[in-house]
Amino acid sequence: MSINDCKIIELPKIHDVRGNLTFIENSRHIPFDIQRAYYLYDVPGGAERGGHAHKGLHQLIIAMSGSFDVILNDGGGQTRFHLNRSYYGLYVCPMIWRELDNFSSGSVCMVLASNFYDEADYYRDYADFIKDVT
């Protein structure tokens, strides 16, 4: 897989004067079934998160509140996505190194994942990741 397989997915948005609603359905709006959801919040200004890749995990990253940047790297190129809308999700396929930074105050990052947590699925050392993708 390459960085070209990663993309912004626009999720359904139902407009209502009482407040908007967005929903996500397994394998319908995203190209995987959701096995796990987690979220990052209270990230201090200037802090970075991520700094890893996954061997087999698919993810959808959503800025539920506020904004932040996601930097993706496939070993051959790098691109930055700015997430700031709760109805846009960034699909990240396996074998992509990701870092998150530039968190606004009060931002919340939600991640939907295709598998349960498995430490063996992680690349936590960039050199090991590069060795396997090149």
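Here, each number is a calculation from the coordinates, and none is a lab measurement. On a predicted model such as this, the values are computed, not experimentally measured, just so you know. Please note: Cβ atoms are built from the backbone with ideal geometry, for glycine as well, and neighbour counts cover all protein chains shown.
In order along segment 106-122, phi translates into HN-Hα couplings of x, 6, 10, 10, 9, 10, 9, 10, 7, 9, 5, 4, 8, 4, 5, 7, 8 Hz, rounded to whole numbers, per the Karplus curve 6.51 cos²θ - 1.76 cosθ + 1.60 with θ = phi - 60° and x for Gly and Pro.
Considering only 63, 130, 77, and ranking their Cα positions along the charge dipole of segment 3-133 that arises from unit charges at the beta-carbon of Lys, Arg, Asp and Glu, the one farthest toward the positive end is 63. The eigenvalues of the Cα gyration tensor, multiplied by 5 and square-rooted, give segment 55-105 an equivalent ellipsoid with semi-axes of 20, 13, 8 Å from largest to smallest. Taking a ≥ b ≥ c as the square roots of the eigenvalues of the Cα gyration tensor of segment 79-134, is the shape rounded (a/c under 1.5), prolate (a/b larger than b/c) or oblate? It is prolate, given that a/c is not under 1.5 and a/b is the larger ratio. Across segment 74-80, rounded Karplus estimates of 3J(HN,Hα) from the backbone phi angles (6.51 cos²θ - 1.76 cosθ + 1.60, θ = phi - 60°) give 9, x, x, x, 9, 9, 10 Hz, Gly and Pro being marked x. Relative to its residue count, the chain spans a Cα convex hull of 107 Å³ per residue.
For segment 5-91, GluC sites (Glu not before Pro) are listed when DSSP marks them as loop and at most 14 other Cβ atoms sit within 10 Å of their Cβ; the list is 25, 48. Between the amide H of residue 7 and those of 91, distances stay under 5 Å, these residues lying 5 or more places away or on another chain, with hydrogens modeled in the peptide plane. When 30, 96, 130, 14 are arranged by Cβ crowding within 10 Å, least crowded first, meaning fewest neighbours, the order is 14, 130, 30, 96.
Can you bin segment 16-87 into rounded, prolate or oblate? Criterion: square roots of the alpha carbon gyration tensor eigenvalues sorted a ≥ b ≥ c, rounded for a/c under 1.5, prolate for a/b above b/c, oblate for the rest. Oblate, because a/c is 1.5 or more while a/b does not exceed b/c. The 3J(HN,Hα) values that the Karplus relation (6.51, -1.76, 1.60; θ = phi - 60°) gives for segment 123-134 are, in residue order, 9, 9, 10, 4, 4, 5, 4, 4, 4, 7, 9, 10 Hz. Gly and Pro appear as x.
Assuming 0.36 nm per residue, please report the length gained on full extension of the stretch residue 78 to residue 125 beyond their Cα-Cα distance.
Values: separation 47, 0.36 × 47 = 16.92 nm, distance 1.69 nm.
Full extension from residue 78 to residue 125 adds 15.2 nm.
Under the combined filter of DSSP loop state and at most 16 neighbouring Cβ atoms within 10 Å, segment 26-119 retains these trypsin sites (Lys or Arg not before Pro): 28, 55, 85.
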